[in-house]
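Here the structure comes first, spelled out in structure tokens, and everything after it is commentary.
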Amino acid sequence: MVLRRHPIEPAASDEQQDHPHHAGVWIAHGSVDGHDFWHGKETRQVPRDWSSFLLEDGQILVASGKLDWMAGDKKVIEEIRTYDIRAEERLHRIEIWSLWKPGGEEAVRIGDTKEGTFALRLAPTLRVDGPVAAGTSFNSNEQSCGQIWGKRARWVAYTGPVNGQRVTVALLDHEDNPRHPTWWHARTYGLVAANPFGQHDFENKSAGSGDLVIGPGEDLFFRHQLLIFEGSVTPEMIDQEWDQFSNH
């Protein structure tokens with residue numbers, strides 16, 4: 001279990017229960033046509049039409065379906081999401097595909113805010129700071145810990161002990177994603193989030209610099225890969241994984 005259990009499950013004894021909207025592995029954003037899906041204030045994501053398949057004698061699980069991003073009674077975004085989960089030797093590999101399109105006939109503005117977007121919240125021992133923190137973080141540009149917040153990078157990784165075993169968790173941004181390499185809303189308290197929409201916060205640019213509009217009939221498509229290694233790995237090893245991921 002490399003994720004914080006709270007708020008999906010009862011918190012472990014060493015977990016801090018801050019940021020209750022940091023729920024496992026999730027996709028959300030703080031400004032979608034002015035609606036806050038990051039904190040979930042008067043918004044929700046409604047799943048429908050989900051199905052799953054086991055392949056390769058149970059070594060691959062593929063799950064796919066739709067999520068309606070609802071603000072009140074209005075569908076703001078219709079998302080199609082797919083998870084491809086593979087168990088390999090000393091490695092779990094999860095590829096996440098996410099396609100966004102307007103929920104109606106009007107354009108949708110994805111707003112410039114640091115509060116997003118493709119995210120996970122790590123177990124307390126993987127944190128860089130905190131009461132039981134024993135981790136460290138680094139990115140593809142040889143930056144580490146507090147230096148990685150707001151920087152652009154191909155990937156970000158955290159490494160440390162979980163239940164006495166060393167693990168490394170890396171999130172990879174595909175080179176075909178909008179605005180690759182993405183900016184990272186990655187905190188020393190264990191939040192890891194790839195956010196291509198936050199230039200105002202990350203680079204002190206004018207408000208709205210990171211806005212992106214999805215017009216009627218248009219869509220945005222993202223691919224990310226989450227890697228969970230047993231043990232420590234070198235940046236060169238993660239670079240090799242990123243090369244393989246982005247060339248497929």
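Quick notes on this one:
- For K114, the conditions (1) touching an Asp or Glu at 6+ places or on another chain (Cβ under 6 Å); (2) more than 19 Å from W184 (Cα to Cα) all hold with the exception of (2).
- In segment 27-43 there is at least one residue that is part of a strand (DSSP E or B) and without any contact (Cβ under 8 Å) to a residue 40 or more places away in the chain.
- Scan segment 214-233 for residues that are more than 19 Å from the chain's Cα centre (by Cα) and within 30 Å of E89 (Cα to Cα) and the total you get is 4.
- Boolean, T82 is in contact with a Ser or Thr (Cβ under 9 Å, 6 or more places away or on another chain) and of a type outside the set (A, V, I, L, M, F, W, C): yes
- Taken over segment 189-199, the criterion of being closer than 24 Å to S98 by Cα and either among the hydrophobic types (A, V, I, L, M, F, W, C) or open to solvent by 10 Å² or more (accessible area, probe 1.4 Å) (or both) is satisfied by L191, V192, A193, A194, F197, Q199.
- Yes/no for E106 being of a type in the set (D, E, K, R) and modelled with pLDDT under 95: no
- Which numbered condition E15 misses (of (1) in a loop (DSSP other than H, G, I, E, B); (2) surrounded by fewer than 17 Cβ atoms within 10 Å (Cβ to Cβ); (3) modelled with pLDDT under 95): (2)
- Qualifying residues in segment 71-102 (those that are closer than 29 Å to M237 by Cα and hydrophobic (A, V, I, L, M, F, W, C)) - the one surrounded by the fewest Cβ atoms within 10 Å (Cβ to Cβ): A87
- Residue ID - least open to solvent (accessible area, probe 1.4 Å), chosen from residues in segment 44-70 that are assigned to a strand (DSSP E or B) and among the acidic types (D, E): D68
- Counting only residues that are open to solvent by less than 30 Å² (accessible area, probe 1.4 Å) and in a loop (DSSP other than H, G, I, E, B), segment 103-129 holds 6 of them.
- Members of segment 225-248 found to be among the hydroxyl-bearing types (S, T, Y) and open to solvent by 40 Å² or more (accessible area, probe 1.4 Å), listed by number: S232, T234
The values are calculated or read from the model by the stated rules, or taken from the named source; none is laboratory data. If you're wondering where the values come from, they're calculated on a predicted model, not measured in any experiment. We place every Cβ from the backbone using ideal geometry, glycine too, and count neighbours over all the protein chains shown. Please note that ligands, DNA and RNA were not included when accessible areas were found on the heavy atoms of the full protein model with its side chains. Shrake-Rupley method; radii C 1.70, N 1.55, O 1.52, S 1.80 Å.
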